[in-house]
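What follows draws every value from the coordinates through simple rules; no lab data is involved. Computed from a predicted model, the values in this text were never measured in an experiment. Reconstructed Cβ throughout: ideal geometry from the backbone, glycine too, with neighbour counts over all protein chains shown.
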Amino acid sequence: MTFNPHDRNLSVFHHPVLTVLVDDSKSFIDSLAFQMDAARGVITFTDPREALQWIREAYATRFPGFLPVRVTHDDLTFLTERRTVQLDIDRIYRQIHDVNRFLQAGVVVVDYSMPQMDGLEFCQALQDLPCKTILLTGTADESIAVQGFNHGLIDRYVKKHDSNMVERLDQEIEAMQQAYFATLSRTLRELLTRHSFSFLSDPAMTERVRQLTARYGFVEYYLYPNPAGILLLTAQGHATLMVIETRAGLLTQVESAEAYDAPAALIEGLREGRLVPFFWPGNGMYTPACVDWEQYCLPAERCEGREEFFYALFDLPRHLLQEPVVSLQSFLADFSRNPDALTGRKRP
């Protein structure tokens with residue numbers, strides 16, 4: 001998982017998605033798919049109209065309908081001005097139980113020169129969807145691609161006959177995957193950063209999460225609501241919770257611990273910012289149920305951003321997830337064996 005160094009915010013979630021390749025030359029597209037990163041799910045089409053139909057059906061049937069926002073009305077009057085917005089933040093990380101998260105057509109790569117429909121027409125037909133588009137161009141098509149980019153019809157273009165085309169395309173796909181999740185989560189992030197999740201828009205914490213992702217090989221992450229933090233997954237589906245506290249949050253923990261006559265060492269460690277707790281038997285706070293409190297605390301790592309953050313990485317107890325995790329590794333194995341069964345594609 002790589003990131004755009006110029007994006008200083010965290011998406012609310014990020015996971016691998018499908019790359020859709022569309023080119024009327026079967027030999028070219030098969031060769032390209034073979035050379036691409038084996039850890040990336042790829043689906044190919046030689047017919048642009050079939051590709052458009054599949055992408056639209058995939059968004060209609062498999063896309064999770066994100067954001068996790070529900071608008072409710074006054075039960076008696078249904079007046080517009082009495083609408084309220086409810087956030088089901090748990091839905092964000094519960095995607096880890098759904099294989100469909102890996103089947104989103106997040107990035108579409110399409111050749112410009114095709115007899116049925118050129119690449120710009122194809123991309124224009126997708127403009128109401130959140131997927132990102134990359135246009136493959138021949139030498140003679142480059143000026144057309146520039147115009148398409150300038151007019152917002154495409155997100156990137158790559159020269160088809162460059163010697164390093166596959167490497168360049170892989171880089172652009174990675175960048176567009178990040179842009180895809182930034183687009184999906186922008187509105188929700190703006191709502192959440194005003195409340196308990198300010199770290200989502202803090203450049204220092206953004207950089208720290210990305211460093212940890214690279215260091216430990218995490219391939220997906222999700223906002224986690226209680227305690228506030230980031231749920232990180234490896235390709236094998238191992239879940240690690242990065243609990244993130246502020247100074248004010250730790251003082252709230254101190255108040256709760258004092259109310260239950262917690263051990264002095266725990267209270268002092270929390271007050272001084274030396275410990276980060278994950279009291280899962282106590283629903284986030286210390287209670288007498290948290291016997292042997294040391295097993296629920298880790299030494300605090302500190303990150304100074306717009307405010308002072310304290311964090312630690314905990315192995316998430318499996319029983320807290322309730323359902324099995326669908327890992328990237330298991331998805332890729334199933335996808336390589338029978339992609340049509342997973343994607344719902346019907347071949348003639």
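Structure summary
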item: Normalised contact order of the chain, rounded percent, pairs of Cα under 8 Å and 6 or more residues apart; result: 18
item: Order of THR133, THR139, THR183, THR46 - criterion: other Cβ atoms within 10 Å of each residue's Cβ, fewest first; result: THR139, THR183, THR46, THR133
item: Mean-position separation - Cα centroids, segment 42-59 and segment 95-129, in angstrom; result: 7
item: Residue exposure sequence - ASP315, ASP98, ASP170, ASP292 - by fewest surrounding Cβ within 10 Å; result: ASP292, ASP315, ASP98, ASP170
item: Cα-based helix-to-principal-axis angle, 328-337 vs the chain, degrees rounded to 10; result: 30
item: Shape of the chain, Cα gyration tensor, a/c cut at 1.5; result: prolate
item: Over 21 Å between alpha carbons, listed pairs LYS160/LYS346; LYS26/LYS346; LYS132/LYS346; LYS26/LYS132; result: LYS160/LYS346; LYS132/LYS346; LYS26/LYS132
item: Antiparallel DSSP beta bridges within the chain, as percent of all bridges there, nearest 5; result: 60
item: Cβ-based exposure ranking for GLU323, GLU207, in which fewest neighbours within 10 Å come first; result: GLU323, GLU207
item: Global form of segment 198-320, assessed from the alpha-carbon gyration tensor, a/c cut-off 1.5; result: oblate
item: Cβ crowding within 10 Å averaged over residues, with 253-259, 209-215 ranked highest first; result: 253-259, 209-215
